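The values are calculated or read from the model by the stated rules, or taken from the named source; none is laboratory data. In this text, all values refer to a predicted model and were calculated from it rather than measured experimentally. Here the Cβ is made from the backbone with ideal geometry for all residues, glycine too, and neighbour counts use every protein chain on show. Side chains included, ligands, DNA and RNA excluded: accessible areas come from the protein's heavy atoms. Shrake-Rupley method; radii C 1.70, N 1.55, O 1.52, S 1.80 Å.
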Amino acid sequence: MPLPAWMVSTIAVGVTGVFLARVDYTMFFMKFFRDLSRSKARARLHGNKYALIPVMLGIEEPIKIQDDIDAENRMTVTREQLEEMDGYDGAPLYLSIKGRVYDVSAGAKFYGEGKEYHDWIGKDASRSFGMGCRGGLDRMGRECLSESLEGLNEKELKEIDRWVELYETHDKYTFVGYLVDDPVVEILESVGFDGGETEEDTEVVAETLEELEVK
């Protein structure tokens, strides 16, 4: 016996509401456990045993992440290398946020294939951390899993900093280095190299690459 149209409509709305609630609650709990971990890290690293309440209420003072003093000696990870750190075939699980790359392999039950956080693996998805989305388009119609911070407001930028603090102070996650473009690709693009250049152009590229290796 077919269901009345009004009942079908009501069920559809209800199912949609449940689905949206599930997504919202998933992100809610992701942020909840993130902040719980941050408060524990603040207590462990800075002796702030009262960090829990302000952190959970979102009124905590930000912790400045200290960059390497000697920028020339800092470790770097190219975008191509980051893409390969996706957990497959024994590879570690890397993610990047605000250009800082972290090894989160210890959290495989969260970041492994098919897990809630896997969308962030192998890429810099800073925008996603701020917007609270995990795929598709954000409220501005831009790609959610992107490193672009264009158009984000102060609240969203602060959310990103909270995630950075989590990875930076977590006792099981490791800072690997800074995300950079592949220098070889940059050089080839700067000279417009596409494989159809003259012998002279090729020699210029070869000399440039050789100089880069020497440095």
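Looking only at residues in the range 89-118 that are in a helix (DSSP H, G or I) and touching a strand residue (DSSP E or B) at 6+ places or on another chain (Cβ under 7 Å), the one that is surrounded by the fewest Cβ atoms within 10 Å (Cβ to Cβ) is Ala108. I'd like to know if the range 73-88 contains one or more residues that are modelled with pLDDT under 90 and crowded, with 16+ Cβ neighbours inside 10 Å. Checking the range 73-88: not a single residue is modelled with pLDDT under 90 and crowded, with 16+ Cβ neighbours inside 10 Å.
Say whether the condition of being closer than 18 Å to Met27 by Cβ and open to solvent by 40 Å² or more (accessible area, probe 1.4 Å) is met by at least one residue in the range 172-187. Scanning the range 172-187, I find no residue that is closer than 18 Å to Met27 by Cβ and open to solvent by 40 Å² or more (accessible area, probe 1.4 Å), so the answer is no. Among residues of the range 138-162 that are part of a loop (DSSP other than H, G, I, E, B), those with a Cβ under 8 angstrom from a residue that is hydroxyl-bearing (Ser, Thr, Tyr) and surrounded by fewer than 17 Cβ atoms within 10 Å (Cβ to Cβ), sequence gap 6+ or separate chain, pair up as Arg142/Ser148.
Checked across the range 92-113, the condition of being touching a His at 6+ places or on another chain (Cβ under 7 Å) and more than 17 Å from Leu166 (Cα to Cα) holds for at least one residue.
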